[in-house]
């Protein structure tokens with residue numbers, strides 16, 4: 001069954017960002033405040049695309065030194081060693097513990113890169129007004145947002161190691177500059193995911209297929225759900 | 001509604017939408033990130049030093065990214081790649097040098113692998129046991145930059161930046177000297193042997209050594225070097241003496257040098273000065289003799305124990321040495337005799353004259369004639385003669401002694417011969433054997449028979465004495481024995497009565513119910529009890545020593 005559903009914005013309504021109350025705004029340009037919780041109403045996050053782009057680009061820039069600079073300087077018995085993320089992966093792989101290597105590779109290299117690519121893809125499709133795959137893109141967005149909090153794994157490991165391995169004359173570990181950039185990548189992509197307004201995806205693709213199973217029970221499903229929440 | 005129509009006629013205000021397309025502040029974030037990242041990149045590129053390649057025989061513990069190049073223990077570079085050379089025979093090590101050290105990478109710079117090395121003369125590179133091997137760096141003097149180097153197989157013996165001089169010695173044989181063998185100056189380690197090689201003609205060894213500052217200034221063109229390898233045991237009048245420079249020198253060999261006092265003024269050695277290596281200090285420090293006089297001596301006795309180099313003494317002071325020991329046929333008598341050639345150094349003896357006689361010594365040293373005349377006087381008037389004397393009874397070493405024998409036959413020195421003869425006299429005790437022989441001869445001449453006869457006479461007379469004693473005893477037996485019998489009878493009676501008395505006393509003392517026994521037993525028991533009480537007391541005191549001061553505490557219950 002194919003039906004076209006309207007968004008709140010098309011209906012001239014705005015859902016409150018904070019308490020999800022569906023309201024009639026004063027006007028679309030100056031929507032005013034939520035009558036229930038007093039939060040400022042906005043139909044779409046202002047400058048969402050621009051902000052997200054800026055953060056994604058900043059994250060991309062930081063991603064390069066994050067991978068090229070050492071994240072950890074290990075000094076053991078007089079010999080010091082600087083490890084980059086990729087160097088660590090290779091070291092783990094060559095020393096036989098490929099499951100660990102895989103974890104580090106996924107968590108520290110592929111996930112940040114994937115997030116950057118995913119955000120860029122979302123931004124481009126929204127800007128181009130691509131209509132199809134709206135549901136998939138939304139899922140992608142949700143995934144990006146969800147995974148963001150887990151990407152700091154590498155930074156945590158680094159800080160823990162640095163704090164614990166301080167046996168000064170014998171062995172010490174110091175953070176490298178790379179970890180700062182890595183943390184910057186993670187924080188910037190998390191911020192980018194927050195500033196991106198997923199509703200924009202739906203703005204471009206107004207016509208969607210609603211599968212009967214996926215469709216909620218109540219008839220004016222989207223509206224009702226929002227107002228009840 | 002009229003009002004509404006009225007209002008409707010009024011023009012509507014147009015809403016000018018604010019331009020949201022304006023560049024947002026958010027773009028500062030990527031710009032900032034770009035600036036920081038670019039800054040780091042630029043700094044990296046600017047601080048980039050030259051990349052060099054070092055060709056090594058083997059990559060002993062060298063790893064890319066882990067091995068450093070160190071100069072004076074400061075990292076000046078890091079190995080970035082280790083590969084085999086194109087023909088697979090060597091190892092090509094690529095290293096990145098820090099920019100600050102780029103100026104050091106010149107033509108004659110040296111690179112070598114620093115690994116732990118244990119040699120006889122010491123252990124080096126111990127630090128690398130923990131830190132891993134690294135590449136050592138020796139500074140070059142050239143100013144022309146170079147990027148490809150051949151690494152040294154062994155670390156250079158002379159550490160970089162050390163001041164000192166390189167010297168070359170000529171030696172007949174190397175002995176136990178090895179690379180790294182220490183060079184001593186007055187028992188201080190002043191340098192080391194850096195290398196050796198056979199001379200081009202194959203007849204000698206050239207030993208290269210390095211003398212460190214500040215010891216290098218004690219080396220001049222006249223400096224003597226000698227071998228101090230092993231140890232030198234000497235047996236003298238003051239006991240056994242053991243000379244060694246150091247334990248290292250015993251094992252690894254070593255050299256020592258000094259400048260003799262007579263050569264203090266010599267100039268510094270030039271690059272081409274080749275020193276000779278002496279066997280020992282004595283020969284090294286020997287003054288070159290200005291005056292030397294050869295003599296020949298003839299002896300009619302065994303020359304066994306006399307060797308070339310044995311000292312010639314005058315009144316016990318060394319004044320020369322034996323240069324040859326051989327045979328000679330006396331032209332007059334056709335007899336075979338021992339020939340000993342000696343060289344005398346008159347200066348040595350003249351140098352021993354007292355201060356007041358320096359002037360006399362001076363004339364003797366300078367004028368051959370004066371010296372000959374003096375020698376003539378010694379031989380003719382004073383009776384100076386050469387004599388073989390034993391230096392040691394154990395080893396039987398002989399030396400030539402010039403001593404004075406006023407009552408010998410007159411003799412003269414013929415100075416016209418190339419080797420004038422000094423008259424000799426036989427030694428008083430040529431050797432121990434002769435001495436023993438004479439003792440045996442003396443023993444031989446003892447009159448054993450006469451001694452035997454005397455002994456027999458003595459025994460005969462003692463036999464007579466024994467017979468006399470026998471007779472006296474028989475007489476004694478006859479006259480004294482009856483009286484003795486009576487006396488013994490009386491003694492027996494006395495003993496019997498004494499025995500009786502003892503028995504009654506026994507009854508009083510020793511029977512179980514005897515009062516003495518009873519009292520004794522009581523007394524013993526009393527003593528036992530006392531002892532027990534004492535033990536209790538001491539036990540208590542041991543546990544409560546304070547009771548000595550405070551008394552026994554009251555029992556609580």
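The values are calculated or read from the model by the stated rules, or taken from the named source; none is laboratory data. Note that the structure is predicted; figures quoted are calculated from it, not measured. Here Cβ is always computed from backbone atoms with ideal geometry, including for glycine, and neighbour counts include all displayed protein chains.
Annotations
- Index of the failed condition, residue A:58 passing every other in (1) outside any loop (DSSP other than H, G, I, E, B); (2) without any contact (Cβ under 8 Å) to a residue 12 or more places away in the chain: (2)
- The residues in the range A:145-162 that are in a helix (DSSP H, G or I) and within 9 Å of the chain's Cα centre (by Cα) can be counted, and the count is 4.
- You will find that of B:39, B:49, the residue that is farther than 23 Å from residue A:49 by Cα and modelled with pLDDT of 85 or more is B:39 and no other.
- In the range B:9-21, the condition of being at pLDDT 85 or above, loosely packed, with under 14 Cβ neighbours inside 10 Å and over 28 Å from residue A:61 (Cβ atoms) is met by no residue.
- Looking across the range A:169-182 at every residue that is surrounded by fewer than 21 Cβ atoms within 10 Å (Cβ to Cβ) and part of a helix (DSSP H, G or I), the one that is farthest from the other protein chains (Cβ to nearest Cβ) is identified as A:180.
Quick grid of which residues meet (1) assigned to a helix (DSSP H, G or I); (2) within 14 Å of chain B (Cβ to nearest Cβ); (3) crowded, with 18+ Cβ neighbours inside 10 Å:
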position: A:54; (1), (2), (3): yes, yes, yes
position: A:63; (1), (2), (3): yes, yes, yes
position: A:89; (1), (2), (3): yes, no, yes
position: A:99; (1), (2), (3): yes, no, no
position: A:104; (1), (2), (3): yes, no, yes
position: A:111; (1), (2), (3): yes, no, yes
position: A:143; (1), (2), (3): yes, no, no
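- Of the listed requirements (1) out of contact with any strand residue (DSSP E or B) (no Cβ under 6 Å at 6 or more places or on another chain); (2) buried (at least 16 other Cβ atoms within 10 Å of the Cβ), residue B:306 misses just one: (1).
- Flag if residue B:331 is in the same structural domain as residue B:348 (by TED's automatic domain parsing), part of a loop (DSSP other than H, G, I, E, B) and more than 27 Å from residue B:353 (Cα to Cα): yes
- Among the candidates A:35, A:31, residue that is over 24 Å from residue B:25 (Cα atoms), more than 9 Å from chain B (Cβ to nearest Cβ), out of contact with any helix residue (DSSP H, G or I) (no Cβ under 8 Å at 6 or more places or on another chain) and in a loop (DSSP other than H, G, I, E, B): A:35
- Residue among B:389, B:412 that alone is loosely packed, with under 14 Cβ neighbours inside 10 Å, on the phi < 0 side of the Ramachandran plot and either in the same structural domain as residue B:303 (by TED's automatic domain parsing) or outside any helix (DSSP H, G or I) (or both): B:412
- Selection from the range B:111-146 of residues that are modelled with pLDDT of 85 or more, more than 14 Å from chain A (Cβ to nearest Cβ) and within 16 Å of residue B:53 (Cβ to Cβ): B:111, B:112, B:113, B:137
- Of the residues screened, residue B:364 is not one that is assigned to a loop (DSSP other than H, G, I, E, B), out of contact with any strand residue (DSSP E or B) (no Cβ under 8 Å at 6 or more places or on another chain) and surrounded by 13 or more Cβ atoms within 10 Å (Cβ to Cβ).
- Verdict on residue A:82 being crowded, with 21+ Cβ neighbours inside 10 Å and at the interface with another protein chain (Cβ under 9 Å from one of its Cβ atoms): no
- When each of B:96, B:72, B:66 is tested for being at positive phi and either modelled with pLDDT under 85 or within 14 Å of chain A (Cβ to nearest Cβ) (or both), the lone residue that passes is B:72.
- Which listed residue is more than 9 Å from chain B (Cβ to nearest Cβ), surrounded by fewer than 23 Cβ atoms within 10 Å (Cβ to Cβ) and assigned to a helix (DSSP H, G or I), from A:67, A:73: A:67
- Flag for residue A:57 being touching a helix residue (DSSP H, G or I) at 6+ places or on another chain (Cβ under 6 Å) and in the same structural domain as residue A:106 (by TED's automatic domain parsing): yes
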